[in-house]
1. So for the range 450-473 (the condition being surrounded by fewer than 19 Cβ atoms within 10 Å (Cβ to Cβ), aliphatic (A, V, I, L, M) and free of Cβ contacts under 8 Å to residues at least 40 places away in the same chain), does at least one residue qualify?
2. For the range 118-149, which positions are under 22 Å from GLU439 (Cβ atoms), away from the ligand (no atom under 12 Å from the Cβ) and not in a helix (DSSP H, G or I)?
3. Conditions: (1) within 30 Å of LEU396 (Cα to Cα); (2) more than 11 Å from the ligand (Cβ to nearest atom); (3) assigned to a helix (DSSP H, G or I); (4) over 23 Å from the mean Cα position of the chain (by Cα). ASP359 meets all but one. Number of the miss?
4. Considering ALA9, ALA58, ALA73, which residue is closer than 23 Å to SER492 by Cα and at pLDDT 95 or above?
5. With the requirement that a residue be of a type in the set (Val, Ile, Thr) and under 12 Å from LEU169 (Cβ atoms), what does the range 216-234 give you?
6. Which of the following residues is closer than 27 Å to ASP261 by Cα, of a type in the set (D, E, K, R) and either surrounded by 21 or more Cβ atoms within 10 Å (Cβ to Cβ) or at pLDDT 95 or above (or both): ASP233, ASP221?
7. Do you know which of the residues in the range 542-557 that are in contact (Cβ under 8 Å) with a residue 24 or more places away in the chain and over 20 Å from THR470 (Cβ atoms) is farthest from the chain's Cα centre (by Cα)?
8. If I filter the range 291-309 for residues that are within 16 Å of the ligand (Cβ to nearest atom), within 30 Å of GLU213 (Cβ to Cβ) and surrounded by 20 or more Cβ atoms within 10 Å (Cβ to Cβ), do I get at least one hit?
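The values are calculated or read from the model by the stated rules, or taken from the named source; none is laboratory data. This structure is a prediction, so every number in the text was calculated from the model and none was measured. Note that we place each Cβ from the backbone using ideal geometry, even for glycine, and neighbour counts take in every protein chain shown.
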Amino acid sequence: MTILQELEARLASALATTLGEPTSAAVTAAADLRFGDYQSNAAMVLAKLRKTNPRALAQEIISHLQLDGLATADIAGPGFINFHILPQAYSAHASALLRDPKLGVPAIGEGQTVVIDFSAPNVAKPMHVGHIRSTIIGDSLCRIARFLGFKVIADNHIGDWGTQFGMILQGWKTLLNPEALEADPIPELLRIYRDVNAATKADPTVLEICKNELVKLQAGDPENLAIWQQCIDVSKRGLQKIYDTLDVQFDHWLGESYYNDRLAGLVDEFLKKGIARESNGAICVFSDGSKKPEDDPFMVHREEGWTDNPAIIRKADGGYLYATTDLATIQFRIDEWKANQIWYVVGVPQQLHFRQLFDAAARWGKTGDFRHVAFGSILGEDRKLMKTRSGDNVQLTDVLTEAVERAAKIIAEKNPDLQGEEAAEIARIVGIGAVKFAELSQNRLTDYVFAWDRMLALQGDTAPYLQYSTVRIRSIFRKLDAPFDATAAEISLTAPEEIHLARLHARFGELLPLILEDFRPNLLANYLLELARAFHSFFEACPVLKSDEPLRSSRLALCELTARILSAGLGLLGIRCPERM
Ligand code: ARG
């Protein structure tokens, strides 16, 4: 049990005694440590309901609170109950954490299957820095959800059946350079896509040809299908390389094309059930009128007032759309994978798509907890959308290569002893870690500025700082003559720095479930920074190797627990930690 859960349990029994009926109330970590470690506003909330004096009620609750061995409690302000955890409770908790491979993290996801839909780039188009956010956030959510006991299915819903294939087919047939494709396929596919795209702008007949190629592909033309398949294969190989660099894994790659066979039946079913109807030759989902227009994704406010904002699921020419595929995908994930939840890690611009999708799925009887985990843009240091000098979108591979190169330079300066493959491996771990941490330490909804120097700094709110802190703690243990058994240590906390460190250790298991309430890995990132800073203060104030037993072992155990939580926490962000740096 976490300390927070323990407090909630004891508060619940005090409330039951005070009020004469079972009552539970939330306890939260205090924002300001001067007022204690945890607090509850239970007395204020309940007093309002019962129209009594909140401070008097708080006093009565406290008189029934059995906190022995755990905490003391007092009242503050209009009726807050503040809890002050006893140092011995923190020591006991730290000892328990050292024996727990899960480091106090509860299995809140037990019995739940969640599909996490992330990355999902479009084939034959490059992954750009927008996809980087989805990939990094999605991967971290997979790791966190698994650690919390969810059954996680990571699915890469790649865009492998879009209208871009009209242009790619035309380019493949007329412009392809087979050697370039062999050498590095993704840029070559991108080149032909761009060249044809430019040609369509100059000459409308080219656009007609492309459309025709697309129609042939969709009708199952063998030549076009074979080219399409080859594009998918080379693109997947190129993408896999990037995922390897990023240390990201998927359980499935069921792209849009996987659902092609299901779309016609789906549209028929929607028509039959009255969820969709014909409009100007297209089949569309309209509002069912069950919601206020403000909350209805199929209504939009225009100058003339509220008007329909339907989702097309079959175009007048018979083509199916992104929304159609996504509906079929939901059905598949529920039926085949028994998904209880689906989290879509996709940028803010697709918000309307997902609101409509979830609404239509519910009307179709597909129930589950579906969430759009949206995120903002990445900006360059000029605060404009990040572009290359030639005005193109910055490509993910270039960002990663540059990160590793810059990390290598810094490492060579700071630690010239590191050489060869070891130095190269550390540069990869540090460079990629820095990019991931810069992403994950931000609120996902805000646009963030991509600043190399800031993200690679060894001091500051960075991955290298956390990695360096972990490496430093581990190096303490290398100075010992014999292996240290932290579980045998008697932990005692007296210095305020020790108590604060143990306080943060206890927070790890309380914090992780909160992350999933609103999908905010930045809570973990910021917690790890706080933990590392607390460690450095402790290490400055409290001699470790130079103290006498039993204090020495107690402090070594705190070091060990800190290192374990730091590396577990970094691992949940998808960030590795080197042995040395
Ligand atoms: N391929 C899409 C894009 O790059 C993202 C797909 C997200 N997943 C989904 N099921 N719609 O914009």
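1. yes
2. The one that is under 22 Å from GLU439 (Cβ atoms), away from the ligand (no atom under 12 Å from the Cβ) and not in a helix (DSSP H, G or I): LEU148.
3. Status for ASP359: all satisfied but (1).
4. On the way: ALA9 fails: closer than 23 Å to SER492 by Cα; ALA58 fails: closer than 23 Å to SER492 by Cα.
Testing whether each residue is closer than 23 Å to SER492 by Cα and at pLDDT 95 or above leaves just ALA73.
5. As a first pass, look at the range 216-234 and keep what is of a type in the set (Val, Ile, Thr): 227, 232, 234.
Hit for the range 216-234 is ILE227, nothing else.
6. Just one listed residue meets the conditions, ASP221.
7. In the first step, residues of the range 542-557 are kept if they are in contact (Cβ under 8 Å) with a residue 24 or more places away in the chain; the result is 542, 544-545, 550-551, 553-557.
If we keep only those that are over 20 Å from THR470 (Cβ atoms) as well, we get 550-551, 553-554.
On the way: PRO550: 41, LEU551: 39, SER553: 37, SER554: 35 Å.
Only one residue tops the list, namely PRO550.
8. Looking only at the range 291-309, we keep the residues that are within 16 Å of the ligand (Cβ to nearest atom), and these are 297.
Those left that are additionally within 30 Å of GLU213 (Cβ to Cβ): none.
Checking the range 291-309: not a single residue is within 16 Å of the ligand (Cβ to nearest atom), within 30 Å of GLU213 (Cβ to Cβ) and surrounded by 20 or more Cβ atoms within 10 Å (Cβ to Cβ).
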